[in-house]
1. Percent relative contact order of segment 50-200, based on C-alpha pairs within less than 8 angstrom and at least six residues apart?
2. Using the heavy atoms of the protein chains and a 1.4 angstrom probe, tell me the accessible area per residue for the chain in square angstrom.
3. In what sequence, largest accessible area first, do Trp37, Trp210 appear using a 1.4 Å probe?
4. If you rank Phe82, Phe68, Phe228 by how much accessible surface each has, with a 1.4 Å probe, what is the order from largest down?
5. According to the square roots a ≥ b ≥ c of the eigenvalues of the Cα gyration tensor, what is the shape class of segment 111-242, taking rounded for a/c under 1.5, prolate for a/b larger than b/c otherwise, and oblate for the remainder?
6. With n ≥ 4 as the cut-off for DSSP H runs, can you work out [θ] at 222 nm for the chain, using -39500 (n - 2.57) per run divided by the number of residues, rounded to the nearest 500?
7. Taking Cα centroids, how far is segment 33-59 from segment 183-243 in Å?
8. Which of the lysines could be linked to Lys120 by a straight reach, that is with a Cα gap under 19 Å, when you skip same-chain ones fewer than 8 residues away?
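The values are calculated or read from the model by the stated rules, or taken from the named source; none is laboratory data. Since this is a predicted model, take the numbers as computed values, not measurements. The area values use the complete protein model at the heavy-atom level, side chains included, leaving out ligands, DNA and RNA. Shrake-Rupley method; radii C 1.70, N 1.55, O 1.52, S 1.80 Å.
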Amino acid sequence: MRFFAGATVPLLTACWMLPAQTFDVPRTERLTYEIEWRLIHAGTAVVDAQETSARLKLESAGLVSTLFKVDDAYGVTYDEPFCATSSTLDAQEGKRHHETRVTFDRARNHADAVERDVLKNAVLHTYDVAIPNCVHDTLGALISLRGLALSPGQSVQMPVSDGHHAASVKVEAQERETIKTAASEYKTIRCETFLMNGIIYNRKGRVLIWLTDDARRLPVQIQLRMSFPVGTVTLHLLKEEKL
């Protein structure tokens, strides 16, 4: 489940790589998703996006909480256009409570990360990775993806870093599909982000995002397709709020 906090939504391409597009996204927005795993309700994910920051709150529910409770809070700050400057992940998962802080130093083209065990008050890992001058965390990349009018058959490359690793990630617009959620029925374009490339995340799998085929480019469904024992995890949009 920790994968969601680092890769949700998510999820990827950079608007600074292509000419600016016109898209109708509010300056502040909250998107609430239901998480489904093996056909059961597994939790909720809430994304709050603003011009220079974003937050993700991830909580497990029901049977998943009984087996392995997850309560993660992730926050990131940006320079325009969504170039990451810092991030914090507070992850309470099972009996663990870890905190990871990342500084994306654009002057040095390096990302520095420190992971701590909060309960033991001990540093577990430190990282120092080379990055481009403008790099995206996965949450910011999901937001900036909405700024591109990709049509099926088009693709882009973008630099992504989680503070531990950095890589160029391909995003590909594949097909138009109709998606039904509890909120509504949407005409969408399915995009695939090749995030699980063995560099950013070692686990093999696929990350798919369905964006509405209109000016909003609203991410109404996100799906992680992984091998056993995780399998398929799907995020369905429940509510969109303009704050």
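1. Values: 317 pairs, mean separation 20.5, N = 151.
So the answer I get is 14 percent.
2. Ligands and nucleic acids excluded, the figure is 46 Å² per residue.
3. Working: Trp37 60, Trp210 10 Å².
I get Trp37, Trp210, largest accessible area first.
4. The residues order as Phe228, Phe68, Phe82, largest area first.
5. Values: a/c = 1.95, a/b = 1.62, b/c = 1.20.
Prolate shape, in that a/c is at least 1.5 and a/b is the bigger ratio.
6. Helices in the chain give a 222 nm mean residue ellipticity of -2000 deg cm²/dmol.
7. 11
8. Answer for Lys120, where 19 Å is the Cα cut-off: Lys95, listed by chain and number.
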